[in-house]
Structures are given as C-alpha cells and as structure tokens.
1. Any chance you could get the radius of gyration and Dmax over the Cα atoms of segment 161-212, in Å?
2. What residues qualify as long-range amide H neighbours of D9, i.e. H under 5 Å apart, gap of 5 or more or another chain, H built at 1.01 Å from N?
3. On a 0 to 90° scale, report how tilted helix 198-207 is relative to the longest principal axis of the chain, with both axes built from alpha carbons and the result rounded to the nearest 10.
4. At 1.4 Å probe radius, can you tell me the per residue accessible area of the chain in Å²?
5. Can you list, bin by bin at 5 Å, the percent of alpha carbon pairs in the chain, starting at 0?
6. Sorted by mean Cβ packing within 10 Å, highest first, what order do the peptides 39-49, 61-71 take?
7. Using amide H atoms built in the peptide plane, which far-off residues or other-chain residues are under 5 Å from R56 H to H?
8. Explain nothing, just the number: dipole magnitude of the chain about its Cα centre with +1 on each Lys and Arg Cβ and -1 on each Asp and Glu Cβ, in debye rounded to the nearest 20.
Amino acid sequence: MIKVLIADDQAMVRTGFGMIIGAQPDMEVVGEAADGVEAVALARRLRPDVALFDIRMPKMDGLEALRLLAGPGVADPVKVVVVTTFDLDEYVHQALRNGAAGFLLKDSGPALLVEAVRAADSGDALISPSITVRLLEHLSPPAPKSDDGGLSPRELDVVKLAAKGLTNAEIAAELFISIGTVKTHLGSVQTKLGARNRVEIAAWAWERRLIS
C-alpha cells in the first residue's frame, strides 16, 4: 500500500482527496494536516510514501514545509506532491527547487492526482501538463542540436508527446501502446538523458526544437 499524507487548510479539500486516495486498491490515507507546521510534524512521525501539500496554509506555507522535508541537504527526504489552486511560475520554480515530486493544480482531476501519487512513489515527478507547456514555452532554445541522446525512434515519439504536455494515458492512446510501455520508455529516456523527471525530458526536447 502507498501511504499518503494530505495537508490542506480546507477540510473539504482534505475530504475530497481522501476519498480519491481511499478508493484506490493500492493506497491509504495515513494522516491529515490543516497547516504547514502540523504537516511537517506528521510527515516526520508517520513517514508517508507520498505527501500531498497545498501551498497557502496557516502557520507555515507548503513551500517552506516542502523545503524542510525534501529540500537540498535533507538526508532522508519525503516525496511531496504540491497540489494547489495557484499556478504562478514562481511557485512552480520554488517547489521544484525545494525538491517537489510533482506539481498539480486542484482542478487537474482525480485521475491525474492518482497518477501523480504513483509517479512520486516510484521516484518520478509529474507536473500538470498545462504548467509544463507554459514553463517550457518561456525557454529561448539554443540552435538546434543534432544529437538524439541515444534515444530510439519510439522513445523520441514518446518524448515529443510528453513535451507537449500529454499524460501517460494520452501518449499511450496516441501511439497505440499500453500505459506500462509508455512508463518503460520514459524510464529508459530518463536513464539515457540523465533527466530526473518528465519536465527535464521535455526541456531537452524543447532545447533541440523537437516541438513545433
């Protein structure tokens, strides 16, 4: 079972997330927190496999709580997925710098929330597709590079779609392959490129102008 901690100052949000997580056969909610201080204390005591943190919480915001649990220099980091209403670029950048294992908007839907939890638990990081695309559009790509990173043609197909912000399920449907095969390709791509997550994979593709 994937043990999940939920931290949000709104009881309705905690209840909603709890129902989504609790409905999964391989997940369980092990704790809830209404503020950042409580979230950090519970995370350190319960050691959840994945924690879901809002950004704007009383006593301590989610980004500071994230830094304490997963930031640079933390010996045994907790895998934290930031789930928020606010998709400000500064929040996204700070969350990723502070060690976030995902960044989702609250209106992303149950399927993406569950996928983000599973991704974080397996060591990946899922970012809301709309945020990924917007962040990467701000890049000023250098001149096209000819290297393909040692990727196979099929892996390049997967990378291009991921860089456009498609989810694993959408990529699978587009390429007529299984979601498991998509995950296998992305894992191979991460290894070959030395990328930590799909955002870095997407950045690699955008820098090489693989995305029109």
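1. 10.7, 28
2. So D9 has HN proximity to no qualifying residue.
3. 30
4. Details: 9900 Å² over 212 residues.
Each residue of the chain exposes 47 Å² on average to a 1.4 Å probe.
5. Spelled out bin by bin, the chain gives 1, 7, 16, 19, 19, 15, 11, 7, 3, 1, 0 percent.
6. Details: 39-49: 18.1, 61-71: 22.5.
The most tightly packed comes first, giving 61-71, 39-49.
7. Residues meeting the criterion, in which the H sits 1.01 Å from N, are G62.
8. On the way: 23 positive and 28 negative charges, 84 e Å.
Once rounded to the nearest 20, the dipole reads 400 debye.
The values are calculated or read from the model by the stated rules, or taken from the named source; none is laboratory data. Everything numeric here is computed off the predicted structure, so don't read it as measured data. Every residue, glycine as well, gets a Cβ built from its backbone with ideal geometry; the counts of neighbours run over all protein chains shown. All accessible areas refer to the heavy atoms of the entire protein, side chains included, with ligands and DNA or RNA removed. Shrake-Rupley method; radii C 1.70, N 1.55, O 1.52, S 1.80 Å.
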